[in-house]
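Asks: Handing you this structure, nothing more for now.
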Amino acid sequence: MKKKRPSLQDVANQVGVTKMTISRYLRDTSQVSTALRSKIAIALDKLGYIPNRAPEILSNATSKAIGVLLPSLTNQVFAEVLRGIESVTDSHGYQTMLAHYGYSSEREEFRLASLLSYNIDGLILSERLHTERTLKMIEVAGIPVVEIMDSSSPCIDLAVGFNNHDAAYQITKEILKSGHSKPVYLGARHDERTIIRLQGYEQAMREFGLEPRNICTDRPSSYSLGCELLKEALRRYPDTDSIFCTNDDIAIGAAFECQRQKLRIPNDMAIAGFHGHDIGQSMEPKLTSVLTPREEIGKVAAQRLLARLRGETVTPKILDLGFTLLYGDSI
């Protein structure tokens, strides 16, 4: 059974002031005397007071909350994005309301409806493909929206990211220039970014006069999936001499499988990943990968969203933060 929370009146009684004085303190501590601030802070701490935001939300005042929709809570990429977001929102007095939708546009729609019911002030989305109802709800809500992780697809309002197509194109060219002519693309989830990277890989292959080959699945990424995808690539394309993986998890799993099969990296099998995680830079041989600015994307997305909430004009609509090729020893 839910316990009764301490009220403003309880705090006021503890300090010996009116409820209005406590309310003024909670809105802005400078509105009460210095002597009272200390007494109120002690009372709030002693009683374990939890502010009730419901009246403020119901009155259509700002909720001081930002909705954040992420496709995965276990993926290190989005953990770093969230860290960047909260480094900005925390310092500006905003709370993040987090929802997870598992790469499902239908579940994203459901989670968004829930977030909007709390009268959030703004929204950060991780995808560009949404259901019609999701787009309609965003239109009706009339709040600023920032979409992240890509800088080439059209956006609803604002976007912050990098060019997934160009990153995949560039690293595939590095594989081919290193002398490996039979690279296979390994992908997971079948989400938009995985498909865009596949297209970048395919462009590079065709420019070199080679036929693109891929092994893709809708299963979530993991080290074990990387092992399985490499085995499938070798079964389907026995002459495979290199792989480009949609993320580092798959690349590292594939590297483990190479060790099991006594395949030398990069002599027998070159491997390139994506995102430049620390584990790939700590393995031997060091993983060649694409370093993406995940935390910076979160920071900039939050900064742009808060600027819009202040009524500022934010340009350009789509901001490309770029990427860096990490030259390891795996190709």
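Asks: In region 287-329, how many residues are assigned to a loop (DSSP other than H, G, I, E, B) and more than 19 Å from the chain's Cα centre (by Cα)?
Replies: Taking region 287-329 as the starting set, the residues that turn out to be assigned to a loop (DSSP other than H, G, I, E, B) are 287, 292-293, 310-317, 321-323, 327-329.
Remaining after also requiring more than 19 Å from the chain's Cα centre (by Cα): 287, 310-316, 327-329.
Within region 287-329, residues that are assigned to a loop (DSSP other than H, G, I, E, B) and more than 19 Å from the chain's Cα centre (by Cα) number 11.
Asks: Being in contact (Cβ under 8 Å) with a residue 40 or more places away in the chain, small (Gly, Ala, Ser) and under 30 Å from LEU98 (Cα atoms) is the requirement here; does GLY298 meet it?
Replies: Working: in contact (Cβ under 8 Å) with a residue 40 or more places away in the chain: yes; small (Gly, Ala, Ser): yes; under 30 Å from LEU98 (Cα atoms): yes.
So GLY298 fits the description; yes.
Asks: Just wondering, is there one or more residues in region 106-116 that are crowded, with 19+ Cβ neighbours inside 10 Å, at pLDDT 95 or above and farther than 30 Å from TYR223 by Cα?
Replies: No, region 106-116 contains no residue that is crowded, with 19+ Cβ neighbours inside 10 Å, at pLDDT 95 or above and farther than 30 Å from TYR223 by Cα.
Asks: Also, I was wondering about something else. Name the residues in region 262-283 that are over 19 Å from the mean Cα position of the chain (by Cα) and without any contact (Cβ under 8 Å) to a residue 24 or more places away in the chain, would you?
Replies: Initial filter on region 262-283 (over 19 Å from the mean Cα position of the chain (by Cα)): 262-272, 280-283.
Answer for region 262-283, where residues must be over 19 Å from the mean Cα position of the chain (by Cα) and without any contact (Cβ under 8 Å) to a residue 24 or more places away in the chain: LYS262, LEU263, ARG264, ASN267, SER282.
Asks: When residues of region 42-88 are filtered for being among the aliphatic types (A, V, I, L, M), modelled with pLDDT under 90, part of a helix (DSSP H, G or I) and out of contact with any helix residue (DSSP H, G or I) (no Cβ under 7 Å at 6 or more places or on another chain), how many remain?
Replies: 3
Asks: Mind listing just one residue for me: the one in region 193-247 that is within 17 Å of ASN163 (Cβ to Cβ) and in contact with a Pro (Cβ under 7 Å, 6 or more places away or on another chain) and, of those, surrounded by the most Cβ atoms within 10 Å (Cβ to Cβ)?
Replies: PHE244
Asks: Shifting gears a bit: Quick one: is LYS299 in the same structural domain as GLN76 (by TED's automatic domain parsing) and either in contact with a His (Cβ under 7 Å, 6 or more places away or on another chain) or of a type outside the set (Gly, Ala, Ser) (or both)? Give the steps one after another, and end with the answer.
Replies: Details: in the same structural domain as GLN76 (by TED's automatic domain parsing): yes; either in contact with a His (Cβ under 7 Å, 6 or more places away or on another chain) or of a type outside the set (Gly, Ala, Ser) (or both): yes.
The answer is yes for LYS299.
The values are calculated or read from the model by the stated rules, or taken from the named source; none is laboratory data. Quick caveat: nothing in here was measured; it's all calculated off a predicted structure. Cβ sites come from the backbone with ideal geometry, for glycine too, and all protein chains shown count toward neighbours.
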